[in-house]
Structures are given as C-alpha cells and as structure tokens.
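As structure tokens, the structure follows; a few thoughts come after it.
The values are calculated or read from the model by the stated rules, or taken from the named source; none is laboratory data. Quantities reported herein were computed from a predicted structural model and do not represent experimental measurements. Glycine also receives a Cβ, built like all others from the backbone with ideal geometry; neighbour counts cover every protein chain displayed. Note: areas computed on protein heavy atoms with side chains; ligands, DNA, RNA excluded. Shrake-Rupley method; radii C 1.70, N 1.55, O 1.52, S 1.80 Å.
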Amino acid sequence: MPELPEVTTVAKILNREIKNLTITDSMIFYTKLLKNVDITTFKAAVKNQKIVEVTNYAKYIAIKLEDWVLISHLRMEGKWMIEEANSYSYDQKHLEAQLALSNGKFARYYDTRKFGTLELYSVDTYKNSPSLVKLGPIPGQLGATSEYLYSKTKRSRKAIKTLLLDQTVVAGLGNIYVNEVLFATKMSPEEPANNLTLQDCKNLMKASKEILSKAIELGGTTIHTFKSSVEVEGNYQEHLKVHLRAGHPCFNCGFKIAKNFVNGRGTYYCPKCQILKK
Ligand SMILES: [Zn+2]
C-alpha cells in the first residue's frame, strides 16, 4: 500500500510528465472508480481542460485543471502510468480510467484491487471536500506541533499506533512509517495514548518528520507490488530499521525483532527496546 512518501513521488512524477498538457478526451472503464460524479458529467468537465499542476495532500493526489480538481486515492494497489497509445504496463483488465493528453500520450489508472477512488470537484470547493477537510496536519508541516499531538493523545485510550494511523489525527503516517517511528522513539505500539507525556509527543513528531522527509527524499519504499511508475522505484526499504525484520536482531540491542498485530495491522517492534510504561 503506498504511503505518503510513495504518493508524493507519484505526484511529483505526474507533475513532471503531464503539467501544462491538455486533456483531449477521457474514458472511464470502471464506473465505481468515480465517487461523486457520473461518467457523462466527468467526461464533459475534463474535456479540453489544461492540467495546471499535480500535487498531493497527504495520500490524496490532486490533479488540478483550469476549472476542476481530480482527487485520486490509490488505496491498496492503484497506479497512474503515462503511456503511449498502444503500450500498456499492466493487463488491460485492470485499466479503470484513461486521460488522453495533447502530446499524444495517455495518463492511465490501473487498479488490481479496485479499492482506489477518483473524485471531481470545482477549483473553488475541492479543499472543503469530505476527503481533504478531515485530514490532520502532516508531520513537519503547519499545525503539526507536539502540543497539538498531546491534546489528542491525552484524550484517547487507544493504542498509540492506532491513534497515529488515524489520518484525521496526523495525516501521512501509514503502517510502515508508524512502525519505524515507534521503534525510533522506543515506544511500545500498544502503549495507551493517554499514558504519553508532552515529551513523548515531542519525540514522536520529531521522529515522524525526520523519517517521512528522508523517505520522501529517497522516493519512498518499494515493497511487494507497489511501484510509483515503471522507471522509478523508491529506495527507503534499505533504511527500514524494524518493518519486515521479524526474527532479525534489533539494531540497538541485538534482541530479536517481533511481529504481532495491533488493530489488525502487521506490527514490528523490539520487545526489549519498546516496552510498555508502568
Ligand atoms: Zn532492541
């Protein structure tokens, strides 16, 4: 599943490849991809619109047109590809949408799991869309202070890992990077949030910012089938300290990294370094 660094990489690549091109036509092959608009309205809206910019808000990709904004969420396996007319990177049965571009190429959206979504908003309303309006601050960006996080943790008895994965609390941390952040701060993933001190929140925000910015710099983490594009793969997997390392020695203490599940998510941690507070 792509997380913030991977989605940031995808948005950067798309921006480089399709910014300033015009959408000459569009095709939707999987109706349920569109969440808030029907196919006819969608096709009419995007036709002959210039692509002004592609960026991302946490894990939402925003393809900004002159009058409209397409909000794309890749969920588990969604992929945007820029391709020649007759060149398909994946089996065409997974092709859900394509935008024909003024340079003769196509921006194609493939999704083997069919969980990804595409929404259409006017440029005036997209920031108030249900998807974007609920997002919490992104570590390292405006509003993501330790005081803010502390105001959330002290009112919750959820496991800290579960709270950090809640995108309305903090946006941009997914399973991989939460595992890494909790290891870096030597905090048990199952620590009840209301046991955290302000200093703990300071440590969490600092580690989140550092780990996410390093991962973004390296283009994200390439694991399993996720690739941000055919040519580009992330390199952060070489820097993972705990994620996917069950049974291997902890880099701090040498004890074996363990794996369990917190709220259904695969959780890697060092049982010696990351102990519950008393
Ligand atoms: Zn350890």
Of residues in segment 229-278 being open to solvent by less than 20 Å² (accessible area, probe 1.4 Å) and assigned to a strand (DSSP E or B), the one nearest to the ligand (Cβ to nearest atom): 267
Enumerated strands (runs of 3 or more DSSP E) restricted to segment 42-150, each holding at least 2 residues that are of a type in the set (Val, Ile, Thr): 49-57, 60-65, 68-73
Condition met for residue 86 (over 20 Å from residue 10 (Cβ atoms) and at pLDDT below 95): yes
Options 138, 82, 71, 61; residue that is in contact with a Leu (Cβ under 9 Å, 6 or more places away or on another chain), aliphatic (A, V, I, L, M), free of Cβ contacts under 8 Å to residues at least 60 places away in the same chain and open to solvent by less than 70 Å² (accessible area, probe 1.4 Å): 61
Conditions (1) within 16 Å of the ligand (Cβ to nearest atom); (2) under 23 Å from residue 8 (Cα atoms); (3) part of a loop (DSSP other than H, G, I, E, B); number of the one not met by residue 173: (1)
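Yes/no per residue for (1) in the same structural domain as residue 11 (by TED's automatic domain parsing); (2) surrounded by 14 or more Cβ atoms within 10 Å (Cβ to Cβ); (3) aliphatic (A, V, I, L, M); (4) more than 21 Å from the chain's Cα centre (by Cα):
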| site | (1), (2), (3), (4) |
| --- | --- |
| 52 | yes, yes, yes, yes |
| 97 | yes, yes, yes, no |
| 118 | yes, yes, yes, no |
| 122 | yes, no, no, yes |
